[in-house]
Amino acid sequence: MAESVRRLLGKPGAVDLRPYTKLLSAIEAEEDGLRELSDAELNEKAIELGNAELPYERGDLVMLCAVGREAARRTLDERPYDVQLLGVMALLDSHVAEMATGEGKTLSGALAAAGFALRGQRVHLLSVNDYLAKRDAEWMRPLYDLLGVTVGWINEDSTPDERREAYSQDITYAAVSELGFDVLRDRMVTDAADRVVPPPAVAIIDEADSVLVDEARVPLVLAGAAESAAADMEMADIVRTLKPRLDYEVDAEGRNVQLTDAGIDRVEKALGGVDLYAEDEESRLPEVNLALHAHVLLQRDVHYVVRDGEVRIINESRGRIALLQRWPDGLQAAVEAKEKVDVSETGEVLDSITVQSLVLRYPTLAGMTGTAMSVAEQLREFYELEVAVVPSNKPDIREDHGTRLYATREEKEDALVAEVEQVHESGRPVLIGTQDVAESELLAERLRKAGLECVVLNAKNDADEAAIIAEAGTHGAITVSTQMAGRGTDIRLGGSDMSDRERVVENGGLFVMGFGRYPSSRLDGQLRGRSGRQGDPGDSLFFVSMDDDLLVNNSPETTGYQAGDDGEITDEGWLAMVGHAQRVAEGQLLEVHRNTWRYNQLIDVQREVVLQHRELVLTGDEGDRHIRKDSRGRHADLIEEVARDLAAIDAGAEPPSAVRAAAGAEAAEQAEVEKARAESPEGEDAGADEKGSEDTGEKDKGSESAEEKAGEKPEAETEPGSGAEGDEEPEDVGPEPTEEHEDQAREQVAKAARLITLYHLDRGWTDHNAFLSELREGIHLRFLGRRDPLDEFNREAVPVFKGFLDEARTRAAETFEEVRVHDGQIDVGEVGVKRPSMTWTYMVHDHPFSSPIETLAGKLKGSKNG
């Protein structure tokens, strides 16, 4: 009834499954006949589906699901349930299938991917991490082999050749971040053959809510080496001495920190009496702010860990190490200085892409997750995706006990430990979800002191996470985890081999406890969903305290309650306040997503303009054609110079370019002599004897001979590198070039034109990107004039971009004029056309974590304190 009402009102999550359900009996009717076929015959059945039209017609869809079911039975020893086939059909219709934990999303996704691939569509199956990408690809490989489609996978260690090979397969498994970084790197190549990612066709996204909602708040950014970062150890030592509330203040949300007047005085005194606001000390204040931010707002084992002498960022949405990610704008160096580890190289942002922009490149998009309904409106708003709620194969009998509220964290901890102790007496397995690494370790230590041995799953041992979580259902197990979202590994009662399943079932199954509610009810649901898979028994219970960050930051009131002797608050009004605080937090996260999308709309449009022109340069003759028009004379001269050099080299003669270089070097040496003579003190040469003068004259005479040999007149002397030394053709031009030499020369000049044009397009975008970042930093100050910050951003960003392509073209022509030939080769590096020596990724929070009013208040507060 509820689904019918949702469909009638057009609400998200109202995809009608009845058309799919009607096909289940027909699919089952094919089963006996398909079992009689050999593997080769079954493969032929699958290949025949390649002639079907997309979307599949009724008969073809029935056969696809029937063949897929039989192939899975033979290769994986798993016969897909009807509900899994409903998920397959929903995915083939480009929906997000909501399937509960343990319902077999991996197999449904694989069968849907095969359905697209059999029709000739290249499929990217995207997950939240490398481990799942590799595991699922290898797990499903026998199924794909029988169906006649190929599969590959990539992870962060994959080489460019391995990536190119994996992407060339019919189906490729990858973490969404790895795909994004590959796309960004492809945007920077100077040879089309170096690209690894093929044109997008179909994307099926596992844990779709995590990827499309949580990950969307952190744009993927590619940075290139620029210079060595300066870690100010002195500044780090100074801020360590500052005292909270006296020397600095943190806002209510814990997202901004400001020095007080006393703090400013203390820092200025520690720096030797400087004035932080003086013009000649303008670099000091940002250094202080960075050090203060690193010291106060970024906590070790919460926001990052230190491993192997390096600072590693923790992904906020998954509680895992964010590999190859760094903070920008000097913050990484400030944290490294704080932790007294070696400072890594800094860089500049070369390009970026949001997850939304990344996945919307695909003409066909689908996804699957256990918690889609809670973000159904966002999936519709941002991705035009509808949610299909697939029923579970067996009824869910898990008991969700709601939330217990306590006055303080200590009382909450006492209650949880007591509950664990009571549940553990029977040997029933317990899984505890915590908010961060530090909390997980403190709680684990408390449990051990109570005689309760446990295993900790957090960002410090993420390499072992699958093995740890797989055993969380073992009799007597106690597992403490930072964040269960997107783990992708089933918890089977009785352990991974289910050897003790019956005893665990008799004791009530897995008991899940949450040490605090998450900022999103969806994450709570993901933790609960670890218990009660496939009709198993289980329980869930959350413990919350009034001093939890969720309530402190998002509740209008945290005082005035009445608590029992054990600190528990049972008043329904206060218990309802927990849900209210969570909804406020969810609203803030949604606003972050919206603002990320709004600001990036214009940026995406501008980036697409540049990329389209870049593609013409990269794969066509656009660069050479423009250069030939803008630098016609130099273009023709270079072709001739290269051709003559090649002809001379083939003839065993000295290339004309070498002759010109020698003459230029001799001319430069003579110019230095003349310069030194002109700058010598008056009368210095008065005592010079006549022999010295004669020697100098002979030297001058030798120089003239060299100049004449190079075909230049002495009075035409120029500074080296000015370009004039090759303007006049030397008398000895060497052998005449052949047509082959001229063709080779034209290819070299066209390549130089392409490299130079691409360089200035990329350099221009890097500079434009930096401008947009600076513009956004202060755009909310426009709120003072009651102007919409987004409108103001667009108003300034649009005019600045006008003329971008013309400016890049002009600079390319100017650079081309400076190009020189050496031994038949053109080295554009000589004229500054160079690529970063290394690249890495940044973790960038793309939106200020405060509203315009809060940001404005912070700015005013900072000004007042200054």
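The values are calculated or read from the model by the stated rules, or taken from the named source; none is laboratory data. Computed from a predicted model, the values in this text were never measured in an experiment. We place every Cβ from the backbone using ideal geometry, glycine too, and count neighbours over all the protein chains shown.
Determine whether the stretch 193-210 contains at least one residue that is at negative phi, over 21 Å from the mean Cα position of the chain (by Cα) and polar (S, T, N, Q). Checked against the condition, which is being at negative phi, over 21 Å from the mean Cα position of the chain (by Cα) and polar (S, T, N, Q), the stretch 193-210 yields no hits at all. Picking from residues in the stretch 421-430 that are at pLDDT 95 or above and either buried (at least 21 other Cβ atoms within 10 Å of the Cβ) or of a type in the set (S, T, N, Q) (or both), the one that is nearest to TYR304 (Cα to Cα) is VAL430. Out of curiosity, is ALA812 over 27 Å from the mean Cα position of the chain (by Cα) and either modelled with pLDDT of 95 or more or in a loop (DSSP other than H, G, I, E, B) (or both)? When the stated conditions are applied, ALA812 passes them. Taking the criterion of being farther than 28 Å from LEU551 by Cα and touching a strand residue (DSSP E or B) at 6+ places or on another chain (Cβ under 8 Å), the residues of the stretch 243-288 that qualify are GLY263, VAL267, VAL288. For the stretch 734-751, a tally of residues being over 46 Å from the mean Cα position of the chain (by Cα) and farther than 20 Å from ALA653 by Cβ returns 0. Elements of the type helices (runs of 4 or more DSSP H) sitting completely within the stretch 608-681 and holding at least 3 residues that are outside the structural domain of ARG811 (by TED's automatic domain parsing) and farther than 25 Å from ALA752 by Cα: these cover 656-679. Name the pairs whose Cβ atoms lie under 6 Å apart, with the first residue in the stretch 111-131 and touching a residue at least 12 places away in the same chain (Cβ under 8 Å), the second buried (at least 23 other Cβ atoms within 10 Å of the Cβ) and of a type in the set (Asp, Glu), and 6 or more positions between them or separate chains? Final answer for the pair search is SER127/ASP206; VAL128/GLU207. Looking across the stretch 179-204, the residues that are surrounded by fewer than 20 Cβ atoms within 10 Å (Cβ to Cβ) and among the small types (Gly, Ala, Ser) come down to ALA192, ALA193, ALA201.
Annotation: of all residues in the stretch 350-402 being of a type in the set (Asp, Glu) and not in a helix (DSSP H, G or I), the one that is surrounded by the fewest Cβ atoms within 10 Å (Cβ to Cβ) is GLU384. Is one or more of the residues making up the stretch 571-593 within 30 Å of LEU443 (Cβ to Cβ), touching a strand residue (DSSP E or B) at 6+ places or on another chain (Cβ under 9 Å) and surrounded by fewer than 14 Cβ atoms within 10 Å (Cβ to Cβ)? Yes, some residue in the stretch 571-593 is within 30 Å of LEU443 (Cβ to Cβ), touching a strand residue (DSSP E or B) at 6+ places or on another chain (Cβ under 9 Å) and surrounded by fewer than 14 Cβ atoms within 10 Å (Cβ to Cβ). Out of LEU118, LEU37, LEU76, one residue alone is assigned by TED's automatic domain parsing to the domain that holds MET368, of a type outside the set (D, E, K, R), farther than 24 Å from SER210 by Cβ and under 31 Å from the mean Cα position of the chain (by Cα). It is LEU118. Scanning the stretch 382-397 turns up at least one residue that is within 33 Å of the chain's Cα centre (by Cα), outside the structural domain of SER545 (by TED's automatic domain parsing) and without any contact (Cβ under 8 Å) to a residue 24 or more places away in the chain.
Taken together, TYR167, TYR173 contain a single residue that is buried (at least 19 other Cβ atoms within 10 Å of the Cβ), over 30 Å from ARG594 (Cβ atoms) and in contact with a Pro (Cβ under 9 Å, 6 or more places away or on another chain), which is TYR167.
Entry remark, the stretch 72-118: residues being of a type in the set (Ser, Thr, Tyr), assigned to a helix (DSSP H, G or I) and surrounded by fewer than 24 Cβ atoms within 10 Å (Cβ to Cβ) number 2 in total.
Of note, LEU54 satisfies the criterion of being under 38 Å from the mean Cα position of the chain (by Cα), at pLDDT below 95 and hydrophobic (A, V, I, L, M, F, W, C). Assess whether ALA174 counts as being at pLDDT below 90, in contact with a Phe, Trp or Tyr (Cβ under 8 Å, 6 or more places away or on another chain), outside any loop (DSSP other than H, G, I, E, B) and under 20 Å from TYR362 (Cα atoms). No: the conditions fail for ALA174.
For the stretch 617-631, a residue qualifies if it is surrounded by 14 or more Cβ atoms within 10 Å (Cβ to Cβ) and under 16 Å from ARG195 (Cβ atoms), and the qualifying residues are VAL617, LEU618.
Working only within the stretch 497-534, note down all residues that are in a helix (DSSP H, G or I), over 28 Å from LEU550 (Cβ atoms) and not aliphatic (A, V, I, L, M). Across the stretch 497-534, the qualifying residues are ARG501, GLU502, ARG503, GLU506, GLN534.
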